[in-house]
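Step one of this worksheet: look at the structure below.
The values are calculated or read from the model by the stated rules, or taken from the named source; none is laboratory data. From a predicted model like this one, the values you see are computed outputs, not experimental measurements. Cβ coordinates were reconstructed from backbone atoms using ideal geometry, including for glycine residues, and neighbour counts include every protein chain displayed. Remember, those area values only see protein heavy atoms, side chains included, never the ligands or the DNA or RNA. Shrake-Rupley method; radii C 1.70, N 1.55, O 1.52, S 1.80 Å.
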Amino acid sequence: FFLNVGYFATHAVDGSKDQYHPQNASMKMYNETTVPIPVSATDEAWKRMPYFFSERNEGRTRFRWRFDTPEKHQRMMKNY
């Protein structure tokens, strides 16, 4: 379960390596935090998805942009 309450609407910036551009005031809040990687964020879980979730799916493309390495996962989750 994940609940996100935000007063600054987060939007990805396509074409930007960072994708999300948080406000400067919120950046320091997560400096000492490690965001856990979901147990379902595996290739095995992806392969169990319905057929219409192919490698060409836009959601899969964006997953690779944002979460396909532990370092990206940390950066994107903290910036979001």
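With the contact rule set at Cα under 8 Å and sequence spacing of 6 or more, what percent relative contact order holds for the chain?
39 percent
With every atom except the alpha carbons ignored, what do you get for Rg and Dmax of the chain, in angstroms?
Expressed in Å, the Cα Rg and Dmax of the chain come to 14.0, 42.
By the scheme Lys and Arg +1, Asp and Glu -1, what is the net charge of all other residues having a beta-carbon under 14 Å from that of K17?
+1
Quick check for you: with a 1.4 Å probe and neighbouring chains kept, what is the accessible area per residue of the chain, in Å²?
Averaged over the residues of the chain, the accessible area is 83 Å².
Based on Cβ point charges of +1 for Lys and Arg and -1 for Asp and Glu, what charge dipole magnitude is obtained for the chain about its Cα centre, in debye rounded to the nearest 20?
The calculated dipole for the chain is roughly 60 debye.
Quantify, in whole percent, the carbon and sulfur part of the accessible surface of the chain (1.4 Å probe; protein heavy atoms only).
58 percent
So, in the chain, how many Lys pairs have Cα atoms under 18 Å apart, if the pair is 8 or more places apart or on different chains?
Count of close lysine pairs: 4.
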